[in-house]
1. Taking the condition of being among the basic types (Lys, Arg) and open to solvent by less than 10 Å² (accessible area, probe 1.4 Å), how many residues in the stretch 71-91 meet it?
2. Of everything in the stretch 149-167 that's aromatic (Phe, Trp, Tyr) and open to solvent by 10 Å² or more (accessible area, probe 1.4 Å), which residue is farthest from His274 (Cα to Cα)?
3. Would you pick out the residues in the stretch 44-70 that are β-branched (Val, Ile, Thr), surrounded by fewer than 23 Cβ atoms within 10 Å (Cβ to Cβ) and closer than 21 Å to Lys281 by Cα?
4. Return the only residue of Leu286, Leu240, Leu279 being closer than 21 Å to Ile73 by Cβ and out of contact with any helix residue (DSSP H, G or I) (no Cβ under 7 Å at 6 or more places or on another chain).
5. Applying the selection to the stretch 223-255, what residues are of a type in the set (D, E, K, R), without any contact (Cβ under 8 Å) to a residue 40 or more places away in the chain and either closer than 11 Å to Leu153 by Cα or in contact with a Phe, Trp or Tyr (Cβ under 9 Å, 6 or more places away or on another chain) (or both)?
6. Give the residues of the stretch 93-122 that are small (Gly, Ala, Ser), outside any helix (DSSP H, G or I) and open to solvent by less than 10 Å² (accessible area, probe 1.4 Å), sorted by residue number.
7. Across the stretch 123-173, what is the total count of residues that are part of a strand (DSSP E or B) and without any contact (Cβ under 8 Å) to a residue 12 or more places away in the chain?
8. Based on what the data block shows, is Asn220 assigned to a helix (DSSP H, G or I) and of a type outside the set (Asp, Glu)?
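The values are calculated or read from the model by the stated rules, or taken from the named source; none is laboratory data. What you see is a predicted model; the values in this text were computed from it and never measured. Methodologically, a virtual Cβ is constructed for each residue, glycine included, from the backbone with ideal geometry; neighbour enumeration extends over all protein chains shown. Only protein heavy atoms, including side chains, enter the accessible area calculation; ligands, DNA and RNA are left aside. Shrake-Rupley method; radii C 1.70, N 1.55, O 1.52, S 1.80 Å.
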Amino acid sequence: MTKTVSTRTENASPVPIPSKSQKTDKYVPVPLQYHELTATRRLAYRKFEGTEEPTIFYIPGFFSTMDLNKVVILEKYARANGFSNLRYDQECSGKSTGDQQTIEFEHWFEDAMVMLDTHTTGPVIVVASSLGCWIATLMAQRRPERILGMIFLAPGFNCLWTGYWYHYNLLPSDMKERVDNGEEQIKIKMKYGGWGILRKDFCERTLEFEVDFDKPVEVNCPVRIIHGIRDHDVPHEFCLMAMEKFTTKDMDVIYRKMGDHRLKSPMDVNLISHEVDRLIKHCDALRR
């Protein structure tokens, strides 16, 4: 795994923890920073340095960014309560570098591990969305001593190889032929804007990173899952499979009747922040 080369900050200045009387003040995000993996690979991130443990660490979904409202809300919660908060754009997303023609799932896993290892200390509460939950699961298996608990939002485990064939089978026969000949790529309209490319070689290479649900999945920290039953991207039934296979006995699943894959409505976002608060207090009680 590539180690850090350097880190630099844009417009760095301390941001005070908001007090209760400041709740109506205009929100100003913490400074944008960059972590340089190599001379050509750079991750954009924002970190608030709190005075309390744990750190709340957000792992994004497929080509998603750290500027979504549900992610910003986590920073606001952390700042109001004195916790550190870390969020980032994985490669090929937002303000980070990357090319969809060359990106690999391995890069995204490395991005998350570098962020954890380099920019957090002490216990961490991971909040992950969609494909990020897959990455978070692998992370928890690699760094079990660092992960205090996890919240999964519409988890998309092992979703890329099956996703490739799902979208491939929707194509007309002439387009399939062009894709097979390497003349075209499968493109999918992203929920948050823009287009994502599903390269066959990229998706196929994710097989080596898939979580093996045919045997117990060694994750022993508390886990909370929130999933909308109107999710048309990832079956909500996957949550029950995860509950059965994860070795932790401390795992809850919350289904949102009106929720979809993005979980971005005001009620969804309120629930997410509530569950983060509840999980932090739960984990604190377990450590006493």
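1. Taking the stretch 71-91 as the starting set, the residues that turn out to be among the basic types (Lys, Arg) are 76, 79, 87.
Keeping just the survivors that are open to solvent by less than 10 Å² (accessible area, probe 1.4 Å) gives 87.
Number satisfying all stated conditions: 1.
2. Of the stretch 149-167, the ones aromatic (Phe, Trp, Tyr) are 152, 157, 161, 164-166.
Next, from what is left, pick out any that are open to solvent by 10 Å² or more (accessible area, probe 1.4 Å): 161, 165-166.
Numbers: Trp161: 34, Trp165: 37, Tyr166: 35 Å.
That would be Trp165.
3. Of all residues in the stretch 44-70, those β-branched (Val, Ile, Thr) come to 51, 55-56, 59, 65.
Cutting the leftovers down to surrounded by fewer than 23 Cβ atoms within 10 Å (Cβ to Cβ) gives us 51, 65.
Thr51, the sole residue that qualifies.
4. Working: Leu286 fails: closer than 21 Å to Ile73 by Cβ; Leu240 fails: closer than 21 Å to Ile73 by Cβ.
One residue alone meets the criteria, Leu279.
5. Once the filter is applied, which keeps residues that are of a type in the set (D, E, K, R), without any contact (Cβ under 8 Å) to a residue 40 or more places away in the chain and either closer than 11 Å to Leu153 by Cα or in contact with a Phe, Trp or Tyr (Cβ under 9 Å, 6 or more places away or on another chain) (or both), the stretch 223-255 yields Glu244, Lys245.
6. Ser93
7. Narrowing the stretch 123-173 to residues part of a strand (DSSP E or B): 124-129, 147-153.
Those left that are additionally without any contact (Cβ under 8 Å) to a residue 12 or more places away in the chain: none.
Of the residues in that region, 0 qualify.
8. On the way: assigned to a helix (DSSP H, G or I): no; of a type outside the set (Asp, Glu): yes.
Answer is no for this residue.
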